Amino acid sequence: MRRFAYADPPYLGCGKKIYGAFHDSAADWDDPETHRNLMARLLDEFPDGWAVSLHTPSLPLYASLMPPDARIGAWCKTWHQIRPTTTQYSWEPVIWRTTHKDNNRTPMVRDYWIGKATQQRGLPGAKPDGFNRWILHLLGYSQGDEMRDLFPGAGGMARTLAQETLL
């Protein structure tokens, strides 16, 4: 049995502003040191693999902390919040690392996922079921492995894991 983790923390600089009403400690995530500690925990406690969601402004911080065998993927959103700026934020980085390699896997897993953002799941930033399934595929998760959702929020990862037709 392998142990994996998925982390979708309040994004750097967005803790108090966006998640403050949902988490007592959301403002802690406005401090880069909290994100450094998260990466250290992932590397220490989950040597089989892990994935972490982030936003593009925090990508330089996370890239400086990731080990050489980690990868950066992209969630390309088919629907996103329209903002009054020139550039629209229509993708989110995902950093992942896994020890499970299967070069004969079918279907293959791409390092990006294209899908619509969730709406009205009760928590800002809740990920869609298809995204959660993509994370499991990136890591090479199999039935019987352990998947720890470090920020369970709206329960999306647990819902995806409970589906009988997962893989």
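The values are calculated or read from the model by the stated rules, or taken from the named source; none is laboratory data. These numbers come from a predicted model, not from an experiment. All Cβ positions, glycine included, derive from the backbone under ideal geometry; neighbour counts span all protein chains shown.
How many residues does the stretch 97-141 hold that are over 20 Å from D69 (Cβ atoms), surrounded by 12 or more Cβ atoms within 10 Å (Cβ to Cβ) and either at pLDDT 75 or above or of a type in the set (S, T, N, Q) (or both)?
Residues meeting the conditions: 14.
When you go through (1) touching a residue at least 60 places away in the same chain (Cβ under 8 Å); (2) out of contact with any helix residue (DSSP H, G or I) (no Cβ under 6 Å at 6 or more places or on another chain) one by one for Y6, which number turns out not to apply?
Y6 satisfies every listed condition except (2).
Let me spell it out: the conditions are (1) surrounded by 16 or more Cβ atoms within 10 Å (Cβ to Cβ); (2) at pLDDT below 90; (3) under 25 Å from D44 (Cβ atoms), and K77 meets all of them except one. Which number is the exception?
Unmet condition: (3).
Report the residue count in the stretch 12-33 for those that are in contact (Cβ under 8 Å) with a residue 24 or more places away in the chain, more than 15 Å from the chain's Cα centre (by Cα) and surrounded by fewer than 20 Cβ atoms within 10 Å (Cβ to Cβ).
Within the stretch 12-33, residues that are in contact (Cβ under 8 Å) with a residue 24 or more places away in the chain, more than 15 Å from the chain's Cα centre (by Cα) and surrounded by fewer than 20 Cβ atoms within 10 Å (Cβ to Cβ) number 5.
Test P9 against the stated conditions and say whether it is in a loop (DSSP other than H, G, I, E, B), within 14 Å of the chain's Cα centre (by Cα) and not acidic (D, E).
Answer is yes for this residue.
Within the bounds of the stretch 46-63, is there any residue that is more than 18 Å from G15 (Cβ to Cβ), of a type in the set (A, V, I, L, M, F, W, C), in contact with a Pro (Cβ under 6 Å, 6 or more places away or on another chain) and modelled with pLDDT of 95 or more?
no
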